[in-house]
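So the structure is just underneath, and the comments pick up after that.
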Amino acid sequence: MNVLQYIKQNFESFTDREKSIAEYLLSNKKSIISMSAKEIGDVTNTSAPTVVRFSKKIGFDSLNEMKLQLSLNLQSDEDNADFEYLHSDLSTKNIIRGVKSSIDSIMNQTVGVLKEEELEKAIDILNKANNVYIFSVGNSSLVAMDFYYKLSRINKRCIAHNDTHLQMTASALMEKGDVAIAISYSGETKEVLKCVENAKKDGVPVIAITKSSISNTLADLSDIVLRVPFVEKSLREGAMSSRISQLAVIDMLFLGMARTNLKVVEEKLRVTRKAIEEFKVK
């Protein structure tokens, strides 16, 4: 997690006192590493408890944990490492280097915000599910289809529609023993939220794949939240980064499911591959 980036992106979600702390952190990113909660509270006209609560609000267990992460961010100079696709010299060489740099950066950030215990719970509940329903719209639907194809190849019953009306219809038919996966980077996609509401009415657990932010409706509604980095860039760049991080989470879920019965999964993958081999040009 890039602490300063996260603070900037969630600034409007803070209270006035929290904004005072946020502004000081953004302006004095290096000096606060050696400061105590009381010292930060004094210079921001707040208090030590408010500083500690602020640290917890942005996802840390303590002020020291937040300062440690900030120190790591500054050492790696993440603030200046991003490649701006639409505002750079787009020579072929720079495109290749830039895409690699962006993928490396977004993967490091994804690992930084993803909680291992949440991933473990998601894998466990997916393995036990009778049916897996996936709800998504737009760019996230590409991620949904990738997971649908993976689950289909190992004979895990999965329902995923591109049509949002069909998604809402399917969400009304879920039963106990099923699980819903809701994929929305913003966490505010109305169609996805409606499907999640239907799932909750029927007592179906919901796994969300969504951005890491303080204000996120989908995260608030879900039982398990797999967070991806909140990347604030131009429209196309943001879509590229969110897709990469969401696909990485999907791969983690699939491998986690496969490990429980690796031999059976390998056999199913072999059989499904063989089923289409005759259609390949030899």
**Study point:** Residues (touching a residue at least 24 places away in the same chain (Cβ under 8 Å) and closer than 17 Å to residue 48 by Cβ) located in the stretch 2-24
**Key:** 17, 18, 20, 21, 22
Point to revise | Odd one out for residue 98, checked against (1) more than 28 Å from residue 22 (Cβ to Cβ); (2) surrounded by 16 or more Cβ atoms within 10 Å (Cβ to Cβ); (3) at pLDDT 85 or above | key: (3)
Practice item. Give the stretch 14-53 a look and list any residue that's open to solvent by 20 Å² or more (accessible area, probe 1.4 Å) and touching a Gly at 6+ places or on another chain (Cβ under 6 Å), or say none. Key: 47, 48
Exercise for review: Go through the stretch 128-222 and tell me which helices (runs of 4 or more DSSP H), entirely inside it, have 1 or more residues that are farther than 29 Å from residue 106 by Cβ.
Suggested key: 164-171, 190-201
Check your understanding: When you look at residue 106, is it aliphatic (A, V, I, L, M), at pLDDT 95 or above, in a helix (DSSP H, G or I) and in contact with a Pro (Cβ under 9 Å, 6 or more places away or on another chain), yes or no?
Key -> no
Point to revise | Residue that is nearest to residue 59 (Cα to Cα), among those in the stretch 130-163 that are of a type in the set (Ser, Thr, Tyr), open to solvent by 10 Å² or more (accessible area, probe 1.4 Å) and modelled with pLDDT of 95 or more | key: 133
Exercise for review: Quick one: in the stretch 223-241, of everything that is modelled with pLDDT of 85 or more and in contact with a helix residue (DSSP H, G or I) (Cβ under 7 Å, 6 or more places away or on another chain), which residue is farthest from residue 7 (Cα to Cα)?
Suggested key: 224
Review point. Any chance the stretch 164-177 includes a residue that's surrounded by fewer than 18 Cβ atoms within 10 Å (Cβ to Cβ) and among the hydroxyl-bearing types (Ser, Thr, Tyr)?
Key: yes
Exercise for review: Might you check whether a residue that is more than 18 Å from the chain's Cα centre (by Cα), farther than 18 Å from residue 226 by Cβ and loosely packed, with under 14 Cβ neighbours inside 10 Å occurs anywhere in the stretch 115-129?
Suggested key: no
Practice item. Take the stretch 54-66 and flag every residue that is crowded, with 19+ Cβ neighbours inside 10 Å and without any contact (Cβ under 8 Å) to a residue 60 or more places away in the chain. Key: 54, 55, 60, 63
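The values are calculated or read from the model by the stated rules, or taken from the named source; none is laboratory data. Source: prediction; values computed, not measured. Every residue, glycine as well, gets a Cβ built from its backbone with ideal geometry; the counts of neighbours run over all protein chains shown. For accessibility, only protein heavy atoms count, side chains too; no ligands or nucleic acids. Shrake-Rupley method; radii C 1.70, N 1.55, O 1.52, S 1.80 Å.
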